[in-house]
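Q: Sharing a structure, written as structure tokens. Questions coming.
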Amino acid sequence: MQTVRVALGERAYPIHVGEGLLGRGELIAAVLPQRRVAIVTNDVVAPLHLGRLAAALDAAGVQVATIVVPDGESHKDWATLNAVFDALLAQRCDRQTAIVALGGGVIGDLAGFAAATYQRGVPFVQVPTTLLAQVDSSVGGKTAINHPRGKNMIGAFHQPLAVVADMDTLATLPERELRAGLAEVIKHGAIADAAFFDWLEANIEALVARDRAALAHAVRRSVEIKAAVVARDEREAGERALLNFGHTFGHAIEAGIGFGAWLHGEAVGAGMAMAADLSVRLGCLEPAAAARLRALLARAGLPVAGPALGAERYVELMAVDKKAAAGRLRFIVLDALGAARIADAVPEATLHATLTACSRT
């Protein structure tokens, strides 16, 4: 096991990465304010991992309640959130009962938002079971549900007490989910670490093949990059926005075609290719660097073009993006691989050219 710490003063917390961690209930028990938790998971993850985690917590002296919701992005909504609240109340969970999110990004976001709002806020632990959640969504305290007009539009910042990433859970991950998680791994190299990007180019086939050593390195380095950014800018006042590279386009794709039709990582993959194209058109990124990014995404089995929604529809969907400021769209662009920045003023004609060139026909 390796541990990365998110340095947030009194709210600092560990991210444990390793094998066999679902069986180590003491990792969670050690951070709890009282020995009671409610595990929130979904009907796909529950048969695979719930029993092992619940047994480990029970062995550590923790009382366990369980809440199982339907799987899928389409259920990251008010109705499912309210079902979680109903179950917490029915099981008489109080303000010291910690919510444990066992699952991927949807469960982490949903359970985290429930923790942020139930009885004005209860403790929270992330136990991510997908690659995407382990390298990205479980770290940093962003929680949310979707709105029909936009992704993650209703939410709160609520930092976990700990993140426990058991690499063994990746063995049961469908190939499509694994490839989607690689999008966020590639993102970290593209925005912050050129050497890591080089390593990914050399090792992408090993990652797709689930080589344990390669996956462990990818998860650890991604977590290190994100934890450092979150420690410097917890609430996305500046630098943390760079972690949204590809997401303005990606969120528009998800909302435009219906949540769940594309996986989040698939939409982000296409979104990064679009953002790289925009960077080239703005004159800040060499075409060869954009080509390297597209090639790596394709080797990971990710889309490098968005669906044919039409440029005007894309702009309409992006207008409700959380990074928009004073009614103006803001994009994360690359100056080089490993170096990202915010672009506040993107000419409309340039944006439309990217949307047209990078959409499927």
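Q: I'd like the residue in region 329-361 that is among the charged types (D, E, K, R) and touching a residue at least 40 places away in the same chain (Cβ under 8 Å) and, out of all such residues, is nearest to Gly306 (Cα to Cα). Give the steps one after another, and end with the answer.
A: Within region 329-361, the subset among the charged types (D, E, K, R) is 330, 335, 341, 344, 348, 360.
With touching a residue at least 40 places away in the same chain (Cβ under 8 Å) added as a condition, the list becomes 330, 335, 341, 360.
Numbers: Arg330: 19, Asp335: 22, Arg341: 22, Arg360: 6 Å.
For region 329-361, the residue satisfying everything is Arg360.
Q: So which residues in region 2-50 are within 23 Å of the chain's Cα centre (by Cα), surrounded by fewer than 17 Cβ atoms within 10 Å (Cβ to Cβ) and of a type in the set (S, T, N, Q), if there are any at all?
A: Residues satisfying the conditions are Gln2, Thr3.
Q: Right, here's the next one. Which members of region 155-186 meet the condition of being in a strand (DSSP E or B) and surrounded by fewer than 16 Cβ atoms within 10 Å (Cβ to Cβ)?
A: Filtering region 155-186 for residues in a strand (DSSP E or B) gives 155-157, 162-166.
Within region 155-186, Ala156, Phe157 qualify.
Q: OK, next. Taking region 72-126, which residues are surrounded by fewer than 14 Cβ atoms within 10 Å (Cβ to Cβ), farther than 10 Å from Ile145 by Cα and touching a residue at least 60 places away in the same chain (Cβ under 8 Å)?
A: Scanning region 72-126 gives a single hit, Gln96.
Q: Condition check: in contact with a Leu (Cβ under 6 Å, 6 or more places away or on another chain) and within 23 Å of Pro303 (Cα to Cα). Does Glu177 satisfy that?
A: Values: in contact with a Leu (Cβ under 6 Å, 6 or more places away or on another chain): no; within 23 Å of Pro303 (Cα to Cα): yes.
Criteria not met by Glu177.
Q: Moving on. Going through region 112-149 one residue at a time, which ones are in contact with a His (Cβ under 7 Å, 6 or more places away or on another chain) and modelled with pLDDT under 95?
A: If the condition is that a residue be in contact with a His (Cβ under 7 Å, 6 or more places away or on another chain) and modelled with pLDDT under 95, then Gly141 is the only one that fits.
Q: Which ones in region 127-174 are within 19 Å of Val229 (Cα to Cα) and of a type in the set (Lys, Arg)?
A: Listed by number, the list holds a single entry, Lys142.
Q: Can you name the condition, by its number, that Lys226 falls short on among (1) in contact with a strand residue (DSSP E or B) (Cβ under 7 Å, 6 or more places away or on another chain); (2) surrounded by 22 or more Cβ atoms within 10 Å (Cβ to Cβ); (3) within 18 Å of Pro14 (Cβ to Cβ); (4) not hydroxyl-bearing (Ser, Thr, Tyr)?
A: For Lys226, the exception is condition (1).
Q: Among the residues of region 123-137, write down those that are farther than 14 Å from Leu27 by Cβ and either among the acidic types (Asp, Glu) or under 11 Å from the mean Cα position of the chain (by Cα) (or both). Before the answer, list the steps.
A: Looking only at region 123-137, we keep the residues that are farther than 14 Å from Leu27 by Cβ, and these are 123-124, 129-137.
Listed by number, the residues that qualify are Thr130, Leu131, Leu132, Ala133, Gln134, Val135, Asp136, Ser137.
Q: Tell me which of these Val304 doesn't satisfy, since it passes every other one: (1) assigned to a loop (DSSP other than H, G, I, E, B); (2) aliphatic (A, V, I, L, M); (3) more than 24 Å from Lys226 (Cα to Cα).
A: Answer for Val304: the failing condition is (3).
Q: Here is a follow-up. What strands (runs of 3 or more DSSP E) lie completely within region 28-121 and have 3 or more residues being assigned by TED's automatic domain parsing to the domain that holds Gly181 and in contact with a Leu (Cβ under 6 Å, 6 or more places away or on another chain)? Write out each step before concluding.
A: Working: elements: 36-42, 63-69, 98-103.
It comes to none.
Q: Here's a follow-up. Go through the residues of region 278-292 one by one and say whether even a single one is within 20 Å of the chain's Cα centre (by Cα), part of a helix (DSSP H, G or I) and either touching a residue at least 40 places away in the same chain (Cβ under 8 Å) or not assigned by TED's automatic domain parsing to the domain that holds Leu351 (or both). Break it down into steps so the answer makes sense when it comes.
A: To start, the set of residues in region 278-292 that are within 20 Å of the chain's Cα centre (by Cα) comprises none.
Scanning region 278-292 turns up no residue that is within 20 Å of the chain's Cα centre (by Cα), part of a helix (DSSP H, G or I) and either touching a residue at least 40 places away in the same chain (Cβ under 8 Å) or not assigned by TED's automatic domain parsing to the domain that holds Leu351 (or both).
Q: While we're on this one: What number goes with the only condition from (1) within 15 Å of Ala180 (Cβ to Cβ); (2) not in a loop (DSSP other than H, G, I, E, B) that Trp262 does not pass?
A: Condition not satisfied by Trp262: (2).
The values are calculated or read from the model by the stated rules, or taken from the named source; none is laboratory data. A quick note: this is a predicted structure, and the numbers were derived from the prediction, not measured. Glycine gets a Cβ as well: all are built from the backbone with ideal geometry, and neighbour counts include every protein chain shown.
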